[in-house]
Each structure stands twice: as C-alpha cells, then as structure tokens.
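Visitor: Take a look at this one; I'll ask things after.
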Amino acid sequence: MSRPPESGPATVSATETSFAIIEQLSEVNGAGVSELATALGRSKSNVHKHLVTLRELGYVTKDEDDTYYVGLRFLGLGDRARARSSFYQVAKDETDSLIDEVGERGQVMVEEDGRGIYIYQATTDQAVQTDSHIGTVVRLHATAVGKSYLAFLDEAKREELLDSLDLSAVTDGTITDRETLEAELATIRDRGVAFNNEERTVGMRAVGAPILTDQGGVIGAISVSGPTTRINGDWYREEIPQLVRRSARVIGLKATYS
C-alpha cells in the first residue's frame, strides 16, 4: 500500500497526493474514489479533484463502474526513461539469451535514489507469474539483485545507502538486521553472487550478480528467479550462479565499450 503523502519545506503536497494516487492505482490495479481515499488517508473530495485532473491529462482512465486505472500515457514516459539507460539494449539481449538457457524468469535492476527498479524482465512459458514487472520498485535488502548491487558498491556509497534503507521484513526470510545484512554482503563479495531464498516472495528463490564496468564500478544487477520446487540443489547453488555471473560480465563489458 502507498504511504500517505507527507509535505515538507522542499515538497509540494498536491504533487505528492497525485503521485500517491498513481502509485496506489498501479499497486491495486484499479480503485474507486472511496477506496483510494481510505488507503491514502485523504478526503474523497480531495482525491476526486486529483483524479479529474489526472484523467484530463491522460494519466488515469475510468471505466463505466467508476473504477480508475493508470493510463496508457505512462507507456511513453516509461520507454523514454528506460532508453536513458545506456546499457538497456545490451542488458535486454543478454537477459533474453540467459533466460532461453535457464528457462525461468530474469530481471535487470538499476538503483535510483536508494530504490531498486527493474528496467527489464524476461520470462518463459513455465515461469511463475508474480507481482513483479518492468518498473517494479524492489527492496534492495530483500532481493538477489539488490543485495548483489549493495555488496559491490564502494564502501562509502554502500554505508550511505544502508543508513537510508528501511530494513523491514517482506517475508519471514528477509534479513532485517543491519549487522547480519553487512555480513551477508561480505559473503556475496567473496563468491560473486547473491542468493534470495524466499526473502521477497514465499516459494521463490533467485540468484543475482552485479553488473560491473571494466573499471569495477557497479551499474546494476541481473538475476534469475523461479520456484523453490525447481530452483534447488546444485542447479541453485552452482549452475545458475555460473550462468548469471557470465551474463553479468557480458553486459558489463558491452556497456563499458559500446
């Protein structure tokens, strides 16, 4: 659920409300005025005014049952934002190849303002459908991509990010203790990959690796995820990590020199 907007000296509360509405509509895949008002802790009249404005601008749409949805106009904005990433096409092509080989789900994440954002995702017919998609914002401490990204940041940047993270639990398996997380990140640096054992989604595991430039700077991360019934044993601990590390290296090299 989206948090209620909080205004501050450097923010505009009306803008916060509009984006809180948009995020809530995206999370619940459509809602009415009353539902939005309750979820966001705002008055129905206030929410309705924002929805009318957003609808006139083309950013939300309404069906005959008075249910509002995120509008298709966001598609163009999302494509332009994603195209801004210099290594998007490289990451897309390599992730597609990786998933053809592994037969599960793959995702590429970049970090923006302390949040992990999937800029690309590839699936196969047998992949389990989850709530993640291109544009999904994920907790860095609760995902294989996020932990591998954090592990390979330079120390100062990593400490800055860790200081800002909310280490709350997503599942019973999520690491919520700072000291335990830092120990896990040190282990990830040693082995080159991160494991996610039902830390974001119950019943799902993932293997992630950092995408590094030729100079060692971390620019993102890539992971493969799938159900615990298939992602297990040596396939989980040995074989998939080799494939994910290989793809991460290829993306990093091509992003450096393309």
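Visitor: In region 172-186, how many residues are part of a helix (DSSP H, G or I) and either over 23 Å from Ile211 (Cα atoms) or at pLDDT below 95 (or both)?
Guide: Residues meeting the conditions: 3.
Visitor: Where in region 39-127 are there helices (runs of 4 or more DSSP H), lying fully within it, with 2 or more residues that are modelled with pLDDT of 90 or more and surrounded by fewer than 21 Cβ atoms within 10 Å (Cβ to Cβ)?
Guide: Fully inside region 39-127 and qualifying: 44-57, 88-102.
Visitor: Would region 138-149 turn up any residue that is free of Cβ contacts under 8 Å to residues at least 40 places away in the same chain and either outside the structural domain of Ile99 (by TED's automatic domain parsing) or among the charged types (D, E, K, R) (or both)?
Guide: Among the residues of region 138-149, not one is free of Cβ contacts under 8 Å to residues at least 40 places away in the same chain and either outside the structural domain of Ile99 (by TED's automatic domain parsing) or among the charged types (D, E, K, R) (or both), which makes the answer no.
Visitor: Another one. Give the residues of region 138-150 that are of a type outside the set (Lys, Arg) and within 14 Å of Gly220 (Cα to Cα), sorted by residue number.
Guide: Selection gives Val138, Leu140, Thr143, Ala144, Val145, Gly146, Ser148, Tyr149, Leu150.
Visitor: What about Ala169, is it surrounded by fewer than 17 Cβ atoms within 10 Å (Cβ to Cβ) and assigned to a loop (DSSP other than H, G, I, E, B)? Steps first, answer last, please.
Guide: Values: surrounded by fewer than 17 Cβ atoms within 10 Å (Cβ to Cβ): yes; assigned to a loop (DSSP other than H, G, I, E, B): yes.
When the stated conditions are applied, Ala169 passes them.
Visitor: Now for a separate question. Can you tell me which residue within region 128-140, out of those that are outside any loop (DSSP other than H, G, I, E, B) and farther than 18 Å from Gly203 by Cα, is modelled with the highest pLDDT?
Guide: Only one residue tops the list, namely Leu140.
Visitor: So, Glu199, is that one surrounded by 13 or more Cβ atoms within 10 Å (Cβ to Cβ) and in a helix (DSSP H, G or I) or not?
Guide: Values: surrounded by 13 or more Cβ atoms within 10 Å (Cβ to Cβ): yes; in a helix (DSSP H, G or I): no.
It is false that Glu199 is surrounded by 13 or more Cβ atoms within 10 Å (Cβ to Cβ) and in a helix (DSSP H, G or I).
Visitor: Could you give every pair whose Cβ atoms fall below 6 Å, whose first residue belongs to region 27-51 and is of a type in the set (A, V, I, L, M, F, W, C), and whose second residue is assigned to a loop (DSSP other than H, G, I, E, B), counting only separations of at least 6 or pairs across chains?
Guide: Ala39/Met1; Leu40/Pro4
The values are calculated or read from the model by the stated rules, or taken from the named source; none is laboratory data. The shown structure was predicted, so the numbers you read here are calculated from the model rather than taken from an experiment. Every residue, glycine as well, gets a Cβ built from its backbone with ideal geometry; the counts of neighbours run over all protein chains shown.
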